[in-house]
Amino acid sequence: MTATRSGEQETAVDSKLVLVVNSGSSSIKYQLVAPVSGKVAAAGLVQRIGEDNGSIEHTDGDRTMTEEIRVADHTAGLRLAFEKFAETGRDLTVAGVTAVGHRVVHGGEIFYRPTLIDDRVLRTISELSTLAPLHNPANVRGIEAVRTLLPEVAQVAVFDTAFFHGLPEAARTYAIDRQVARAHGIRRYGFHGTSHEYVSGQAAQFLGRPADSLNQIVFHLGNGASVSALRGGRPVDTSMGLTPLEGLVMGTRSGDLDPGIILHLMRAAQLDISGVDRLLNRGSGLRGLAGVNDFRELRRLIDAGDADARTAYDVYVHRIRHYLGAYLIELGGVDAITFTAGVGENNPDIRADALAGLQGFGIAVDPGRNTAADRTARRISPADAPVAVLVIPTNEELAIARAALAVTEAEPGSQ
Ligand code: AMP
């Protein structure tokens with residue numbers, strides 16, 4: 001968690017602050033962001049909401065406060081965060097917040113741009129819970145909590161699916177009965193859209209070329225993982241589908257499967273819906289294969305000679321290369337391949353292994369650049385390689401803050 005020193009460098013361009021809220025089922029992650037400069041004024045995390053061993057960690061400048069405390073619900077969690085803000089001289093209820101930006105996971109077919117939240121929008125986000133039963137209800141609780149505490153401040157929903165709304169029909173359509181698909185909203189929606197949009201924009205900026213002149217492949221490799229193919233700045237394919245379960249191997253999610261496996265498990269292992277849900281969303285991926293979902297632990301196991309950890313790593317890389325090959329062909333050539341998020345930004349082995357042996361396609365990784373202790377946007381391909389391979393830190397909070405500010409400025413009377 002990082003935050004600039006309170007007050008000190010917050011200049012005139014920082015006079016507008018946006019509170020960014022990422023509300024999960026038992027946690028609230030938040031940042032107070034200056035959208036113009038990109039500075040983080042303060043940030044925090046409330047965890048284990050509704051359980052006996054709740055906690056908050058709040059950072060403002062070089063001051064970090066932690067507290068173990070029972071947090072009854074999301075409103076109590078947010079109230080606790082506001083108390084921490086007040087303790088460091090930022091009373092959010094009195095002044096200082098221009099807008100609140102919420103990360104909302106599923107916008108369905110309805111929401112495809114950042115949207116000012118009113119009663120109708122909130123109801124619709126709630127109705128979309130059938131498509132994201134783990135996520136949208138938690139997002140709704142976060143929005144309701146902010147409404148209680150900051151009733152006068154404009155709230156904006158920024159949807160994880162929005163960037164992929166315009167996917168070409170061939171890429172977004174599952175080959176199942178059309179009527180069934182229509183009746184149940186079954187199509188490929190894609191997720192991590194805020195990150196893919198932000199990072200592909202940063203990649204174009206880094207290369208000093210207009211986004212609409214580039215073919216790009218972006219790997220967002222965090223605990224959740226997805227890849228997108230972009231032509232001229234617009235996505236033409238992405239690996240996540242109806243839900244964030246499809247695609248790459250993830251920390252605890254399986255990614256792609258033969259759908260027949262689910263039928264087999266229900267018949268042969270008598271798993272019910274919640275059993276399958278738990279297995280594929282929480283007990284699969286790296287955790288299912290190797291017992292750990294964190295890449296640093298996986299690395300330690302591999303170094304200690306653990307064969308399952310080695311296999312997990314190989315399956316992870318194999319799936320990445322599978323998508324890379326598919327997207328290279330879909331695009332008919334690529335200008336930039338970018339890695340982002342926890343694993344993508346920090347794990348040079350994955351980057352090197354994902355792109356090994358592809359010199360014939362103009363794709364190469366320079367070992368020195370790849371392993372340099374640099375945390376900023378950078379090129380890791382050799383200077384003369386035809387395809388730029390980049391590492392670009394994602395910043396979904398900043399993207400959400402900027403989107404929220406833009407919406408409030410565009411909608412008269414919302415501020
Ligand atoms: P995210 O969901 O983007 O926070 O990414 C979480 C994943 O990134 C976990 O698997 C972490 O092990 C991995 N990760 C985060 N920081 C590092 C690091 N410094 N070195 C290697 N892996 C990291």
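The values are calculated or read from the model by the stated rules, or taken from the named source; none is laboratory data. Remember, it's a predicted structure, so these values are computed and weren't measured experimentally. Cβ atoms come from the backbone with ideal geometry, glycine included; neighbour counts cover every protein chain shown.
Does at least one position in the range 134-149 carry a residue that is under 17 Å from the mean Cα position of the chain (by Cα), within 27 Å of Asp52 (Cβ to Cβ) and assigned to a loop (DSSP other than H, G, I, E, B)?
Yes, the range 134-149 contains at least one residue that is under 17 Å from the mean Cα position of the chain (by Cα), within 27 Å of Asp52 (Cβ to Cβ) and assigned to a loop (DSSP other than H, G, I, E, B).
Which count do you get for residues in the range 334-347 that are hydrophobic (A, V, I, L, M, F, W, C) and either within 16 Å of the ligand (Cβ to nearest atom) or closer than 14 Å to Gly251 by Cβ (or both)?
Step one: of the range 334-347, the residues hydrophobic (A, V, I, L, M, F, W, C) are 334, 336-337, 339, 341, 343.
Still in the running and either within 16 Å of the ligand (Cβ to nearest atom) or closer than 14 Å to Gly251 by Cβ (or both): 339, 341, 343.
Number of matching residues: 3.
For the range 98-127, name all the residues that are modelled with pLDDT of 95 or more and either of a type in the set (Lys, Arg) or out of contact with any helix residue (DSSP H, G or I) (no Cβ under 7 Å at 6 or more places or on another chain) (or both).
Arg103, Arg113, Asp118, Asp119, Arg120, Val121, Arg123, Thr124, Glu127
Please determine, by comparing only the residues of the range 385-397 that are within 15 Å of the ligand (Cβ to nearest atom) and buried (at least 20 other Cβ atoms within 10 Å of the Cβ), which one is farthest from the chain's Cα centre (by Cα). Please lay out each step first, then the result.
Here is the first cut: in the range 385-397, the ones within 15 Å of the ligand (Cβ to nearest atom) are 391-397.
So of that shortlist, the ones also buried (at least 20 other Cβ atoms within 10 Å of the Cβ) come out as 391-392, 394-397.
Details: Val391: 16, Ile392: 14, Thr394: 9, Asn395: 9, Glu396: 7, Glu397: 10 Å.
Among residues in the range 385-397 that are within 15 Å of the ligand (Cβ to nearest atom) and buried (at least 20 other Cβ atoms within 10 Å of the Cβ), the one farthest from the chain's Cα centre (by Cα) is Val391.
Being free of Cβ contacts under 8 Å to residues at least 60 places away in the same chain, under 26 Å from Asn223 (Cβ atoms) and crowded, with 16+ Cβ neighbours inside 10 Å is the filter here; which residues of the range 346-362 pass it? Outline the logic, then answer.
Residues of the range 346-362 that are free of Cβ contacts under 8 Å to residues at least 60 places away in the same chain, as a first pass: 346, 348-349, 351-353, 355-362.
Now restrict to residues that are under 26 Å from Asn223 (Cβ atoms): 346, 348-349, 351-353, 355-356.
Answer for the range 346-362, where residues must be free of Cβ contacts under 8 Å to residues at least 60 places away in the same chain, under 26 Å from Asn223 (Cβ atoms) and crowded, with 16+ Cβ neighbours inside 10 Å: Asn346, Pro348, Arg351, Ala352, Asp353, Leu355.
Tally the residues that are touching a residue at least 12 places away in the same chain (Cβ under 8 Å) and not in a loop (DSSP other than H, G, I, E, B), restricting the search to the range 225-270.
Keep residues of the range 225-270 that are touching a residue at least 12 places away in the same chain (Cβ under 8 Å), which gives 225-257, 262, 265.
When the remaining residues are screened for being not in a loop (DSSP other than H, G, I, E, B), the result is 225-231, 234-238, 262, 265.
Number of matching residues: 14.
Looking at Ser195, is it in a strand (DSSP E or B) and within 15 Å of the ligand (Cβ to nearest atom)? Lay out the reasoning, then the answer.
Values: in a strand (DSSP E or B): no; within 15 Å of the ligand (Cβ to nearest atom): yes.
Against the criterion (in a strand (DSSP E or B) and within 15 Å of the ligand (Cβ to nearest atom)), Ser195 does not qualify.
State yes or no: is Asp237 more than 16 Å from the ligand (Cβ to nearest atom) and within 23 Å of Thr311 (Cα to Cα)?
Working: more than 16 Å from the ligand (Cβ to nearest atom): yes; within 23 Å of Thr311 (Cα to Cα): no.
The answer is no for Asp237.
Identify, please: which residue in the range 363-376 is outside any helix (DSSP H, G or I) and within 16 Å of the ligand (Cβ to nearest atom) and is, among those, surrounded by the most Cβ atoms within 10 Å (Cβ to Cβ)? Explain how you work it out, then say what you get.
First pass over the range 363-376, keeping only residues outside any helix (DSSP H, G or I): 363-366, 372-376.
Then keep just the ones that are within 16 Å of the ligand (Cβ to nearest atom); that gives 372-376.
Numbers: Ala372: 13, Ala373: 4, Asp374: 10, Arg375: 10, Thr376: 8.
The extreme case among them is Ala372.
Report those helices (runs of 4 or more DSSP H) wholly inside the range 274-333 carrying at least 2 residues which are within 15 Å of the ligand (Cβ to nearest atom) and hydroxyl-bearing (Ser, Thr, Tyr). It would help to see each step written out before you state the result.
Values: elements: 285-290, 295-303, 307-331.
The qualifying helices (runs of 4 or more DSSP H) are 307-331.
When you look at Leu405, is it surrounded by 13 or more Cβ atoms within 10 Å (Cβ to Cβ), within 17 Å of Val156 (Cβ to Cβ), away from the ligand (no atom under 15 Å from the Cβ) and modelled with pLDDT of 95 or more, yes or no?
It is true that Leu405 is surrounded by 13 or more Cβ atoms within 10 Å (Cβ to Cβ), within 17 Å of Val156 (Cβ to Cβ), away from the ligand (no atom under 15 Å from the Cβ) and modelled with pLDDT of 95 or more.
Quick one: Thr130 ticks every box in (1) in contact with a helix residue (DSSP H, G or I) (Cβ under 9 Å, 6 or more places away or on another chain); (2) surrounded by fewer than 22 Cβ atoms within 10 Å (Cβ to Cβ); (3) at pLDDT 95 or above; (4) of a type in the set (Ser, Thr, Tyr) bar one, so which box is it?
(3)
Among the listed residues Asp306, Asp237, identify the single one that is more than 30 Å from Pro386 (Cα to Cα), at pLDDT 95 or above and surrounded by 15 or more Cβ atoms within 10 Å (Cβ to Cβ). Talk me through it step by step, then tell me what you get.
On the way: Asp237 fails: more than 30 Å from Pro386 (Cα to Cα).
That would be Asp306, the only listed residue that is more than 30 Å from Pro386 (Cα to Cα), at pLDDT 95 or above and surrounded by 15 or more Cβ atoms within 10 Å (Cβ to Cβ).
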